[in-house]
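See below for the structure under consideration.
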Amino acid sequence: MKLPYSTDGLPGLGGQLRAAPDAFIVEEIPLYEASGAGQHLYVNITKEELTTREVARGLAETFHLPYGAVGFAGMKDKFARTTQTFSLLVGHVDEAFVREAPSRISEKAPVEVNWARLHRNKLKKGHLLGNRFSITVTELSVEAGQAKTRADAIAGQLRGRGLPNFYGPQRLGQNGANVRRGWELLQGGKRMSNRWLRSLLLASVQSYLCNRYLALRQEQGRFSRMLAGDIAKKHDTGGLFIVADGAKEQSRYDEKEISFTAPIYGPKMWDAEAEAGELEQEVLEGSGLDAAAFSRAKMKGTRRLGRILLDDLSVTQNENGIVVEFSLPKGAFATTVLREFMKVSDDLLAQAAVDSGESEVDGKN
C-alpha cells in the first residue's frame with residue numbers, strides 16, 4: 001500500500017536520515033515529574049549508539065538489581081542522540097546515594113546523566129506524553145536554498161491542517177513482510193512459539209488496517225471533516241465521545257479542539273457508527289478478515305488518534321541540510337512527518353528505522 005501525502009503537489013527534498021547520531025535528536029516528554037521521594041530512583045540519560053534495553057541492562061548491573069527492577073516509558077533509537085528517563089527500584093536510600101548515582105552510572109556506561117531524583121512508582125510503558133524531535137535531512141536532492149523554500153511550504157501546510165497519524169513503515173516491515181506474516185497467523189495457517197514476535201506480527205496487521213482506513217479517508221476527501229458516527233477525541237482532556245452530527249462538530253475540528261479516531265480492530269474496540277462506521281466496515285471486509293479472527297487471536301482492539309497536530313513544527317537550514325523540529329504524542333511516528341518533507345520511498349524510511357537498532361521488526365532487541 002502506498003500512502004497518500006498530505007502535501008501532495010508540493011515537491012520534496014529527497015535526502016537521507018541518520019548521517020550521524022546528532023542528526024537525529026529525540027527527547028522524551030514526561031507524563032509527570034519525579035517528586036523527590038520514594039523507593040524508585042529516576043535517572044534522566046542522554047545516549048548515543050545504545051539501545052534502550054542495553055542501557056537498562058547496564059543500569060541493572062551497575063546497581064546490582066534484577067532487570068525487572070528497571071523501568072522506562074518507551075523505546076528510543078540506537079543510532080540517534082536520545083534523552084529519556086529510567087527508573088530503578090533501589091528501596092529506601094539516603095541523599096548521598098542519589099547524589100552519587102550520576103557519577104556511578106557514568107563510570108560504567110558511555111552516557112550522560114542529566115539528573116537523578118527519587119519517585120514513588122516504577123516507570124512503565126506509556127508513561128510519557130510524547131517526544132520532541134530535531135532531525136537533520138542530509139544529502140538533499142536539490143540545492144540548499146531551493147530545499148529551504150520547499151521545506152517552508154510543506155511545514156506551513158502541515159501546521160495548518162495536521163496530517164493522518166499513519167503507522168511508520170518500520171511497524172509494517174520491509175515491503176510489508178510483517179503484515180503478511182501476521183495475516184497468516186490470524187488465518188490460522190501458521191503457529192509461532194516466540195510470543196513477543198507473534199504479538200508484534202499480529203499488531204502489524206492492525207496497524208496496516210488502520211493505515212488503510214486513514215488513507216481511504218484522505219483519498220475520499222473525508223480527512224478534513226468530521227463524519228456522523230465518528231468517535232472523536234478531545235485534545236485537551238483525552239476524552240472520547242460519539243459524533244451525532246458531523247456538521248455541528250466541524251468548527252471544533254477546524255479549531256483543533258477535537259479530532260476523529262481511527263480503528264485498531266478487535267473485539268474490545270469501540271465501533272464507530274453511521275457514515276464513519278460504514279467506512280470502518282468497508283476496510284475490514286476488504287482485508288479478508290473479520291472480528292472473529294481478532295477475537296481468536298486474543299487481540300483486544302482500541303481507538304487511535306486519527307490526526308497529528310504539528311503546531312510547533314519548524315524548519316531551519318544548516319551546513320549539513322534541513323533541520324526539521326516538532327513534537328509528537330506517544331505512539332506517533334517521526335517517519336510519518338519526515339516522509340512529507342522528503343518524498344522518498346517508504347522502504348528507504350523503513351530501512352533507516354531498521355538501521356537504528358531499535359526497530360520494531362528486530363526481535364533480537
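The values are calculated or read from the model by the stated rules, or taken from the named source; none is laboratory data. Predicted, not measured: the structure shown is a model, and the values here were computed from it. Cβ sites come from the backbone with ideal geometry, for glycine too, and all protein chains shown count toward neighbours.
Only residues in segment 14-29 that are surrounded by fewer than 18 Cβ atoms within 10 Å (Cβ to Cβ) count as the first member; pair them with residues that are in a strand (DSSP E or B) and of a type in the set (Gly, Ala, Ser), Cβ under 6 angstrom, at least 6 apart or cross-chain, and list the lot.
Sorted first by the residue in segment 14-29, then by its partner, the pairs are Ile29/Gly130.
Being in the same structural domain as Leu10 (by TED's automatic domain parsing), modelled with pLDDT of 95 or more and not β-branched (Val, Ile, Thr) narrows it down to one residue among Gly246, Gly321; which is it?
Every option except Gly321 fails the conditions.
I'd like to verify a number: residues in segment 163-207 that are out of contact with any Gly (no Cβ under 7 Å at 6 or more places or on another chain), under 25 Å from Arg222 (Cα atoms) and small (Gly, Ala, Ser), how many?
Final tally of qualifying residues: 2.
With the checklist (1) in a helix (DSSP H, G or I); (2) polar (S, T, N, Q); (3) crowded, with 17+ Cβ neighbours inside 10 Å in hand, flag the one item Thr136 doesn't pass.
Thr136 satisfies all of (1) in a helix (DSSP H, G or I); (2) polar (S, T, N, Q); (3) crowded, with 17+ Cβ neighbours inside 10 Å except (1).
Condition check ((1) closer than 29 Å to Val179 by Cα; (2) surrounded by 15 or more Cβ atoms within 10 Å (Cβ to Cβ); (3) over 23 Å from the mean Cα position of the chain (by Cα); (4) modelled with pLDDT under 95) across all residues:
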| site | (1), (2), (3), (4) |
| --- | --- |
| Lys233 | yes, yes, no, no |
| Glu255 | no, no, yes, no |
| Ala262 | yes, yes, no, no |
| Met269 | yes, yes, no, no |
| Ala272 | yes, yes, yes, no |
| Ala293 | yes, yes, yes, yes |
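Within segment 201-221, does at least one residue satisfy the condition of being out of contact with any Ser or Thr (no Cβ under 6 Å at 6 or more places or on another chain), among the basic types (Lys, Arg), at pLDDT below 95 and surrounded by 15 or more Cβ atoms within 10 Å (Cβ to Cβ)?
Within segment 201-221, not a single residue is out of contact with any Ser or Thr (no Cβ under 6 Å at 6 or more places or on another chain), among the basic types (Lys, Arg), at pLDDT below 95 and surrounded by 15 or more Cβ atoms within 10 Å (Cβ to Cβ).
Looking only at residues in segment 51-109 that are of a type in the set (Phe, Trp, Tyr) and either exposed (fewer than 15 other Cβ atoms within 10 Å of the Cβ) or more than 19 Å from Phe24 (Cα to Cα) (or both), which one is nearest to the chain's Cα centre (by Cα)?
Among those residues, the one meeting the criterion is Phe72.
Considering each residue of segment 75-101, count those that are under 14 Å from Leu123 (Cβ atoms) and among the aliphatic types (A, V, I, L, M), and give that number.
The number of residues fulfilling the criteria is 4.
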